1. Based on alpha-carbon positions alone, could you give the equivalent ellipsoid semi-axes of the range 180-322 from the gyration tensor, as √(5λ), descending, whole Å?
2. Cα to Cα, under 28 Å, and not fewer than 8 places away if on the same chain: which lysines meet these conditions relative to Lys98?
3. What's the local net charge at Glu178, with K and R +1, D and E -1, over the other residues with C-beta under 10 Å away?
4. Figure the gain on full extension for Ala47 and Arg145 (residue separation times 0.36 nm, minus the Cα-Cα span) and round it to one decimal in nm.
5. Helix-derived [θ] at 222 nm for the chain: sum -39500 (n - 2.57) over DSSP H runs of at least 4, divide by residue count, nearest 500?
6. Go ahead and collect, in residue order, the members of the range 133-164 whose backbone nitrogen is under 20 Å from a label point 7 Å along the Cα-Cβ direction of Ser188.
7. Gaussian network model of the chain, Cα springs within a sub-10 Å range: biggest mean-square fluctuation belongs to which of Thr81, Thr150, Thr17?
8. Under 18 Å between alpha carbons, and skipping anything fewer than 8 positions from Lys225 in its own chain: which lysines qualify?
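Just so it is clear, none of the values below were taken in a lab; they were calculated from the coordinates. Bear in mind that the values here come from a model prediction, so they are computed numbers and not experimental data. Cβ: placed from backbone, ideal geometry, glycine included. Neighbour counts: every protein chain shown.
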Amino acid sequence: RIRSFISGVGSYLPARTVTNEELAKTVDTSDEWIQQRVGIKERHIAAEGEFTSDLATAAARAALDNAGLTIEDIDLIVVATTTPDYTFPAAATLVQMKLGMNHGFAFDIQAVCSGFVYAVTTADSYIKNGLAKRALVIGAETFSRLLDWTDRTTCVLFGDGAGAVVMERIDLADDEAERGVIASALRSDGKHWDKLYVDGGPSTTGTTGHVHMQGPEVFRHAVGKITDVVYATLEQSGHSVDDLDWFVPHQANRRIIEGAGNKLGLPPEKVIITVDRHANTSAASVPLALGVAVADGRIKEGDLVMLEAMGGGFTWGASLIRW
Ligand code: ACO
């Protein structure tokens with residue numbers, strides 16, 4: 001049985017943090033409102049001249065170090081991002097250049113906040129069908145550049161950052177226990193496109209545009225869609241919620257995370273939460289949360305880990321991984 005497993009995790013957060021109090025100096029909001037509604041205390045914001053591919057490259061280097069590998073060992077780079085440096089080429093090929101990799105192949109995935117789960121599932125498929133042996137899978141965003149900083153309903157919610165994993169092929173003998181990606185489920189439904197979108201692009205306005213969101217509508221769909229896809233993944237694998245050691249959800253909003261955790265019947269201590277420090281970093285949020293939980297020793301070899309995300313499109317998905 002050919003499987004892909006995660007052999008390294010790395011993160012990068014821009015140096016500058018912005019607290020709710022700082023935001024309250026420029027928009028009509030408060031630390032109390034933000035903490036109560038979404039559970040965010042602060043977020044990291046990229047410096048001028050610091051681009052998505054820089055964040056992604058730093059996270060990728062950390063993941064390679066963590067795996068004990070060099071770029072020579074990698075033959076695929078997948079970057080999940082909504083905020084590439086340029087309309088083209090893909091951020092992934094810029095990361096490839098910055099890492100000094102001239103072999104293999106690299107491309108981006110655009111599924112907004114679900115991008116990392118889509119990218120893990122894509123790399124897993126490429127490894128299983130023999131197109132790649134070792135992949136760098138990265139979620140990276142400079143989401144701050146899509147925000148209208150005068151719109152209090154969106155600008156308080158997001159942050160910048162990057163997280164990366166190394167995924168490697170493993171050939172399991174018939175009698176060996178499952179390891180790596182066990183099951184995944186991906187979904188989308190484009191009829192919801194305008195509930196969460198950016199009002200710009202090369203084919204429409206020729207501008208970058210800003211984030212627009214019908215917050216309560218997104219909230220209304222989130223918990224049901226997240227739990228559906230988690231159950232779909234568990235059903236494929238023959239596992240139950242009780243088997244899960246860790247739930248690593250997309251970090252959009254503390255209330256959505258807790259709502260999904262409660263609906264699944266997960267004890268809160270199994271749920272990884274980083275939204276308080278990172279805010280919503282879109283495609284970077286799941287690998288950044290993984291990075292925190294691996295570094296502090298919560299996620300360890302043998303654990304059963306459920307990744308989950310939902311975002312613009314709508315897109316949503318989950319992936320079950322034996323660490
Ligand atoms: N500070 C103070 N007041 C605010 C702010 C703010 N930053 N933002 C909105 N308000 C006000 C509104 O203007 C409104 O005032 P009004 O009643 O005088 O008109 C009031 O707060 C309530 O607004 P709602 O939008 O109804 O607030 P709600 O309780 O729904 O919370 C929120 C808004 C936090 C966006 C919520 O809808 C939510 O969490 N939705 C999920 C969306 C989400 O997390 N998106 C992230 C991206 S999507 C994803 O990654 C899955």
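1. Numbers: eigenvalues 153, 54, 39 Å².
Equivalent ellipsoid semi-axes, largest first: 28, 16, 14 Å.
2. Those lysines meeting the cut-off are Lys128, Lys133.
3. Combined, the nearby Lys, Arg, Asp and Glu give +3.
4. On the way: separation 98, 0.36 × 98 = 35.28 nm, distance 1.08 nm.
Contour length minus the Cα-Cα distance gives 34.2 nm.
5. Details: 10 runs with 104 residues, N = 323.
Computed mean residue ellipticity for the chain: -9500 deg cm²/dmol.
6. What the label zone holds, given the 20 Å backbone N cut-off, is 137-143.
7. Thr150
8. Answer for Lys225, where 18 Å is the Cα cut-off: Lys191, Lys195, Lys263, listed by chain and number.
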